[in-house]
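The structure appears right after this line, and notes come after that.
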Amino acid sequence: MKLIGAHVSYEAVEGVGWITLARPQVLNALDPFLASELAAAVDAARTDADAWVVAVTGEGRAFSSGMDRKALSAGTIGESFFRDWIRALNGLEDMDKLVLAVIRGYCIGGGLQLALACDLRLCAADAVLGLGATRHGLIPDGAVLRLSRVVGLGRAKELALLNDHVTPAQGLAMGLVNWVVPPEGFDAELRRVIAKCLEAAPTATRHTKRLLLSSFHADPRTLIDEVVAAQMECMRSWEMAEANRAWDQQREARFFPPPPEG
């Protein structure tokens, strides 16, 4: 599947669905058109059978520099923007696939909010991380409900209320990003991380991600029946059969590409 918009593109290549913010002339700043196209690209990735892993990246020198201040000042940012934006981020978080933020350059404001909606964050060592919404009179809507889960409440308050930038090394230390890589080694590490994501069994990945998110909203004991049902689905899956064959043959299980149907 391929989806090319003026501000966001989507394409699946070798099992990876690439969502690319494409406003490099303004460091992929967010405006109503980008938010709408991002929501559409997330929907496309979610339903694309050719995408086993989804990677979110930015064209040019930035992941995203956050809100387009010109659009905000001109009064073109309204409720429809926020609803599209939140729908896109929720879609990434709820998607039954592993979602990777590929962070180069500026990842500030809405850029960091977008990265937080992804499951994993690969960050270049020269990237710039931070929020900033409250400095501009706004709530960091894409982060305020996620950030404390990732870095803890104390750090979340510091980042969201004081708006200081942090280095990638500081972000790694607090759990804000998963990997920090020198720019010259970034592409090789990106390939390694994607290959590792493709090693995960999709049925087990889908349930594990969903149950991890559910654990923040419910007493874990109330989820026992749901966990057992998910586990039994995994036990009946073709992935389990492949894992057992791999064990018997003393090799690594391979889930991608999937076996031919039938």
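The values are calculated or read from the model by the stated rules, or taken from the named source; none is laboratory data. These numbers come from a predicted model, not from an experiment. Neighbour counts run over all protein chains shown; Cβ positions are idealised from the backbone, glycine included. To get the accessible areas, we keep the full protein, side chains included, count just its heavy atoms, and leave off ligands, DNA and RNA. Shrake-Rupley method; radii C 1.70, N 1.55, O 1.52, S 1.80 Å.
Only one entry of ALA200, ALA204, ALA229 meets the criterion of being in a helix (DSSP H, G or I) and either touching a residue at least 12 places away in the same chain (Cβ under 8 Å) or surrounded by 13 or more Cβ atoms within 10 Å (Cβ to Cβ) (or both), and that entry is ALA204. Once region 234-261 is narrowed to residues that are under 24 Å from LEU120 (Cβ atoms) and open to solvent by 70 Å² or more (accessible area, probe 1.4 Å), the residue that is nearest to the chain's Cα centre (by Cα) is PRO257. Among the residues of region 167-197, those identified as part of a loop (DSSP other than H, G, I, E, B), touching a residue at least 40 places away in the same chain (Cβ under 8 Å) and not aliphatic (A, V, I, L, M) are ASN178, PRO182.
Residues that are over 11 Å from the mean Cα position of the chain (by Cα): which strands (runs of 3 or more DSSP E) entirely in region 54-128 hold 3 or more of them? Lay out the reasoning, then the answer.
Numbers: elements: 62-64, 98-103, 106-108, 120-124.
Here the list reads 62-64, 106-108.
Tell me yes or no: at least one residue of region 148-157 is hydrophobic (A, V, I, L, M, F, W, C), over 21 Å from ALA29 (Cα atoms) and touching a Ser or Thr at 6+ places or on another chain (Cβ under 8 Å).
yes
Scanning region 1-41 for residues that are in contact with a strand residue (DSSP E or B) (Cβ under 8 Å, 6 or more places away or on another chain), part of a strand (DSSP E or B) and at pLDDT 95 or above yields a count of 12.
Only one of the numbered conditions (1) aromatic (Phe, Trp, Tyr); (2) surrounded by 18 or more Cβ atoms within 10 Å (Cβ to Cβ); (3) closer than 23 Å to ALA49 by Cα is not met by PHE186, and that is (3). Can you name the residue in region 124-152 that is basic (Lys, Arg) and open to solvent by 40 Å² or more (accessible area, probe 1.4 Å) and, of all such residues, is farthest from GLY111 (Cα to Cα)? Checked region 124-152; the qualifying residue farthest from GLY111 (Cα to Cα) is ARG149. PHE216 satisfies every condition listed in (1) part of a helix (DSSP H, G or I); (2) more than 13 Å from ASP119 (Cβ to Cβ); (3) open to solvent by 30 Å² or more (accessible area, probe 1.4 Å); (4) not β-branched (Val, Ile, Thr) except (1).
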